[in-house]
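Peer 1: Sharing a structure, written as structure tokens. Questions coming.
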Amino acid sequence: MLGLRRGTQALGVRWRGKTLPRLAGVTYDIPHVGDVALTFDDGPDSRYTPELLDILGRAGTAATFFLVGRRAAKQASLVRRMLQEGHALGSHTWSHPDPRIANTKVLLREYRDGRHAIEDIIGKQVPLFRPPMGYVGFRSVIAMRLAQVRPWLWNCDPGDWQPGARRDVIARAVGAVTPGTVILLHDGIELPLTSEALDRSETLAAVRQIIKSADSRGLRFATLPASGVYEDSRGLRPHNP
């Protein structure tokens, strides 16, 4: 994360409906009635991701993880555990560079290497992708198209990446979500605003509350497809109906 988002919506969301996201093929939501998606960026984290997987497993809930390639390469067994436990995977670049200042060549290498790192671990193609900070600019659009990745952003950002974010605030921001919502959360943090943001314990606590709230409202959690596109006329794979 970066100060880029402080006091604003994520840049990718602010670009919604504009030409660049259309050129990149950006998706923001999920299509079918009754479902929402939990997504986690910037992992895997050796400390917090295993605990998060335990929480999701006990709740019977599946999520989508957008993994930083260099982190995934060091924790291949954790990546395989995600897949074995029914979660979906996407890439989130190799090293999470600042997309505002990286040139097209760097971005292309980052997008390709991040994708390949995940594919090498699981032995499957993973076009599903999320650019750092949801940033969609001219250079990143070119790089995404050349890397043949399919970007999927979000339409709910409760700000768990901010230093000092508290579980109740995070959960409350998600509490009123409606079907079709893609929720942005973080099991790790790249480019933190301060070292305090590296502590993911409040996010993990909020996840418990989010799942409980969604269950009480009859919402189901769905994973995003690794292909980055809707898999059939109904939509995505639902979990814990």
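Peer 1: Which one is farthest from GLY69 (Cα to Cα) among residues in segment 31-40 that are at pLDDT 90 or above and out of contact with any Asp or Glu (no Cβ under 8 Å at 6 or more places or on another chain)?
Peer 2: If we filter segment 31-40 for residues that are at pLDDT 90 or above, which is where we start, we get 35-40.
Remaining after also requiring out of contact with any Asp or Glu (no Cβ under 8 Å at 6 or more places or on another chain): 35-39.
Values: ASP35: 28, VAL36: 26, ALA37: 22, LEU38: 20, THR39: 16 Å.
Looking at the filtered set, the residue picked out is ASP35.
Peer 1: Right, next: How about segment 144-153: which of its residues are assigned to a helix (DSSP H, G or I) and of a type in the set (A, V, I, L, M, F, W, C)?
Peer 2: So the first thing to find is which residues in segment 144-153 are assigned to a helix (DSSP H, G or I), and the list is 144-147.
Passing the criteria: MET144, LEU146, ALA147.
Each row is one residue, and each column tells you yes or no for (1) over 25 Å from ILE210 (Cβ atoms); (2) within 18 Å of the chain's Cα centre (by Cα); (3) not hydrophobic (A, V, I, L, M, F, W, C).
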{"position": "ASP45", "(1), (2), (3)": "no, yes, yes"}
{"position": "GLY69", "(1), (2), (3)": "yes, yes, yes"}
{"position": "SER77", "(1), (2), (3)": "yes, no, yes"}
{"position": "ARG115", "(1), (2), (3)": "yes, yes, yes"}
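Peer 1: Quick one: GLU196 ticks every box in (1) surrounded by fewer than 21 Cβ atoms within 10 Å (Cβ to Cβ); (2) in contact with a helix residue (DSSP H, G or I) (Cβ under 9 Å, 6 or more places away or on another chain); (3) assigned to a helix (DSSP H, G or I) except a single one, so which number is it?
Peer 2: GLU196 satisfies all of (1) surrounded by fewer than 21 Cβ atoms within 10 Å (Cβ to Cβ); (2) in contact with a helix residue (DSSP H, G or I) (Cβ under 9 Å, 6 or more places away or on another chain); (3) assigned to a helix (DSSP H, G or I) except (2).
Peer 1: Then there is this: Which count do you get for residues in segment 185-217 that are within 19 Å of HIS92 (Cα to Cα) and either among the basic types (Lys, Arg) or out of contact with any strand residue (DSSP E or B) (no Cβ under 6 Å at 6 or more places or on another chain) (or both)?
Peer 2: So the answer is 6.
Peer 1: Let me ask another. Considering segment 21-49 alone, what residues qualify as being in contact with a Leu (Cβ under 7 Å, 6 or more places away or on another chain) and surrounded by fewer than 15 Cβ atoms within 10 Å (Cβ to Cβ)?
Peer 2: Of everything in segment 21-49, just one residue is in contact with a Leu (Cβ under 7 Å, 6 or more places away or on another chain) and surrounded by fewer than 15 Cβ atoms within 10 Å (Cβ to Cβ), namely GLY34.
Peer 1: In segment 154-177, how many are touching a strand residue (DSSP E or B) at 6+ places or on another chain (Cβ under 8 Å) and outside any helix (DSSP H, G or I)?
Peer 2: Qualifying residue count, segment 154-177: 8.
Peer 1: Quick one: in segment 166-175, which of the residues that are in contact with a helix residue (DSSP H, G or I) (Cβ under 6 Å, 6 or more places away or on another chain) and of a type in the set (A, V, I, L, M) is modelled with the lowest pLDDT? Let's see the steps before the verdict.
Peer 2: Start the filter on segment 166-175 by keeping residues that are in contact with a helix residue (DSSP H, G or I) (Cβ under 6 Å, 6 or more places away or on another chain), which leaves 166-167, 170-171, 174-175.
Now narrow it down to the ones that are of a type in the set (A, V, I, L, M): 170-171, 174.
Numbers: ILE170: 96, ALA171: 95, VAL174: 92.
My answer is VAL174.
Peer 1: Residue by residue through segment 31-52, note down the ones that are among the aliphatic types (A, V, I, L, M) and assigned to a strand (DSSP E or B).
Peer 2: Of segment 31-52, the ones among the aliphatic types (A, V, I, L, M) are 33, 36-38, 52.
Listed by number, the residues that qualify are VAL36, ALA37, LEU38.
Peer 1: Tally time: how many residues in segment 53-81 are part of a loop (DSSP other than H, G, I, E, B) and not hydrophobic (A, V, I, L, M, F, W, C)? Before the answer, list the steps.
Peer 2: At the first step, the residues of segment 53-81 found to be part of a loop (DSSP other than H, G, I, E, B) are 60-63, 68, 75.
Okay, now just the ones that are also not hydrophobic (A, V, I, L, M, F, W, C), so 60-61, 75.
Number satisfying all stated conditions: 3.
Peer 1: If VAL141 satisfies every condition in (1) touching a residue at least 60 places away in the same chain (Cβ under 8 Å); (2) assigned to a loop (DSSP other than H, G, I, E, B) but one, which is the exception?
Peer 2: (2)
Peer 1: A further question on this structure: Identify all residues within segment 89-129 that are assigned to a loop (DSSP other than H, G, I, E, B), surrounded by 19 or more Cβ atoms within 10 Å (Cβ to Cβ) and of a type in the set (A, V, I, L, M); write none if there are none.
Peer 2: ALA102, VAL126
Peer 1: Can you name the residue in segment 176-206 that is over 22 Å from GLY69 (Cβ atoms), in contact with a Cys (Cβ under 7 Å, 6 or more places away or on another chain) and of a type in the set (A, V, I, L, M) and, of all such residues, is modelled with the highest pLDDT?
Peer 2: Taking segment 176-206 as the starting set, the residues that turn out to be over 22 Å from GLY69 (Cβ atoms) are 176-181, 183, 193-196, 199, 201-202, 204-206.
Going one step further and asking which of them are in contact with a Cys (Cβ under 7 Å, 6 or more places away or on another chain), we end up with 177, 181, 183.
Narrowing the set further to residues that are of a type in the set (A, V, I, L, M) leaves 177, 183.
Values: VAL177: 87, ILE183: 97.
My answer is ILE183.
The values are calculated or read from the model by the stated rules, or taken from the named source; none is laboratory data. Keep in mind that this is a model prediction, so the values were computed, not measured. All Cβ positions, even for glycine, are placed from backbone atoms using ideal geometry, and neighbour counts span all protein chains on display.
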